[in-house]
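Worksheet: one structure, shown below.
The values are calculated or read from the model by the stated rules, or taken from the named source; none is laboratory data. All figures in this text were calculated on a predicted structure; none of them were measured in a lab. Here the Cβ is made from the backbone with ideal geometry for all residues, glycine too, and neighbour counts use every protein chain on show. SASA here: full protein model, heavy atoms, side chains in, ligands and nucleic acids out. Shrake-Rupley method; radii C 1.70, N 1.55, O 1.52, S 1.80 Å.
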Protein chains: 2
Amino acid sequence: MLQVSRKFEYGLHAVTYLATKGLGRVVTVKEMADEIGFSQEFLSKAMQSLKRAGIAASVQGVKGGYRLGKATEEITVADIAIAIEGEPHLVRCGVKADRCEIFSSCHHRGYMNILQHKIQGLLNATTIHTLLKEIER
Amino acid sequence: MLQVSRKFEYGLHAVTYLATKGLGRVVTVKEMADEIGFSQEFLSKAMQSLKRAGIAASVQGVKGGYRLGKATEEITVADIAIAIEGEPHLVRCGVKADRCEIFSSCHHRGYMNILQHKIQGLLNATTIHTLLKEIER
DNA sequence: GTTAAATAGGACTATTTTAAGCCTATTGCC
DNA sequence: GGCAATAGGCTTAAAATAGTCCTATTTAAC
């Protein structure tokens, strides 16, 4: 339970990789996949999600690739999670009420929602900038 | 991502149900499943896990069933999560190193572990006692 | 203008995890 | 002994995740 998806891990690695290359440098998915050690196809999907969220920017065509879409101070771990997996729902009634057969009589929803916001707060508290500083140490 | 399992939800509901019935009262899985609105078979598995962890105590035989194994002040949400789903692993390298192909070169493990402990801390901060008080309000 | 290298993204498949269900003990009160 | 309960192994079903394949589009280089 409470495990992060592979795609999120791919995305986080890609973002920190792009960050170390600097804001300007355009990097191909192939280079990232080779350097980090992932499947190129799958990483590509993660990059597309990051691009839609504005976290990465893409350049099409032969000399194309990706670069960061924002400063590292403006990207949080939560941003990456949401870009790749959508808004988090700790309990399934958050996705859709009819996913829980006891929705109307449930006593836990309030607590679970608070818990979810706290977890979200933790993810929001780390920017890529601070994450990189911790790594460099 | 970061969604709690159904079995955990079942377990949490069962524990709060037992708690409202008082420490002494023995309740059958059938009664709990009917009252809460769950599958009896599946809830039964959750109860077995809770029993192994000492959170619930069982009485076998005709007049058998479950009751709480501890005071509500001594059961945290984290205890229930661990009883039912085992130790949490936010990233799959926590389960087993070879579940990640870039284990040796990974830069994020430190941060992910810290994050995991913080989430665990949140779950640990709520006892069933305090959860019930919030519900009663 | 053709080619080649890149992103974009839809559709599909495979794998893994989660959720259930089934069946057979075993226990213990009546 | 019979019945109503837990105990738990084994199997199946459903859902989510991970990964692949294929085709289009873009654009630099020739």
Just one listed residue, out of A:Gly24, A:Gly54, A:Gly61, A:Gly11, is of a type outside the set (D, E, K, R) and either within 11 Å of the chain's Cα centre (by Cα) or not in a loop (DSSP other than H, G, I, E, B) (or both), and it is A:Gly11
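Test A:Leu12 against the stated conditions and say whether it is open to solvent by less than 20 Å² (accessible area, probe 1.4 Å), within 20 Å of A:Glu87 (Cβ to Cβ) and without any contact (Cβ under 8 Å) to a residue 12 or more places away in the chain.
Numbers: open to solvent by less than 20 Å² (accessible area, probe 1.4 Å): yes; within 20 Å of A:Glu87 (Cβ to Cβ): yes; without any contact (Cβ under 8 Å) to a residue 12 or more places away in the chain: no.
Criteria not met by A:Leu12.
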Restricted to region A:25-71 and to residues being closer than 20 Å to A:Thr127 by Cβ and within 14 Å of another protein chain (Cβ to nearest Cβ), the residue nearest to DNA strand C (Cβ to nearest atom) is A:Ser49
In region A:18-62, anything touching a Phe, Trp or Tyr at 6+ places or on another chain (Cβ under 9 Å) and touching a residue at least 40 places away in the same chain (Cβ under 8 Å) is listed as A:Leu18, A:Val26, A:Val27, A:Ala56
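Examine region A:85-105 for a residue that is closer than 20 Å to A:Leu18 by Cβ and open to solvent by 20 Å² or more (accessible area, probe 1.4 Å), and state whether such a residue exists.
Quick first cut of region A:85-105, residues closer than 20 Å to A:Leu18 by Cβ only: A:85.
The next check asks that each one be open to solvent by 20 Å² or more (accessible area, probe 1.4 Å); those that pass are A:85.
Yes: region A:85-105 contains one or more residues that are closer than 20 Å to A:Leu18 by Cβ and open to solvent by 20 Å² or more (accessible area, probe 1.4 Å).
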Within region A:66-81, residues of a type in the set (A, V, I, L, M, F, W, C) and either buried (at least 20 other Cβ atoms within 10 Å of the Cβ) or in contact with an Asp or Glu (Cβ under 9 Å, 6 or more places away or on another chain) (or both) come out as A:Leu68, A:Ile75, A:Val77, A:Ile80, A:Ala81
Flagged in region A:102-137 as in a helix (DSSP H, G or I), within 8 Å of chain B (Cβ to nearest Cβ) and aliphatic (A, V, I, L, M), in numbering order, are A:Met112, A:Leu115, A:Ile119, A:Leu122, A:Leu123, A:Leu131, A:Ile135
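Answer yes if at least one residue in region A:15-36 is aromatic (Phe, Trp, Tyr) and surrounded by 21 or more Cβ atoms within 10 Å (Cβ to Cβ), and no otherwise.
Within region A:15-36, the subset aromatic (Phe, Trp, Tyr) is A:17.
The next check asks that each one be surrounded by 21 or more Cβ atoms within 10 Å (Cβ to Cβ); those that pass are none.
Looking for residues that are aromatic (Phe, Trp, Tyr) and surrounded by 21 or more Cβ atoms within 10 Å (Cβ to Cβ), one finds none in region A:15-36, hence no.
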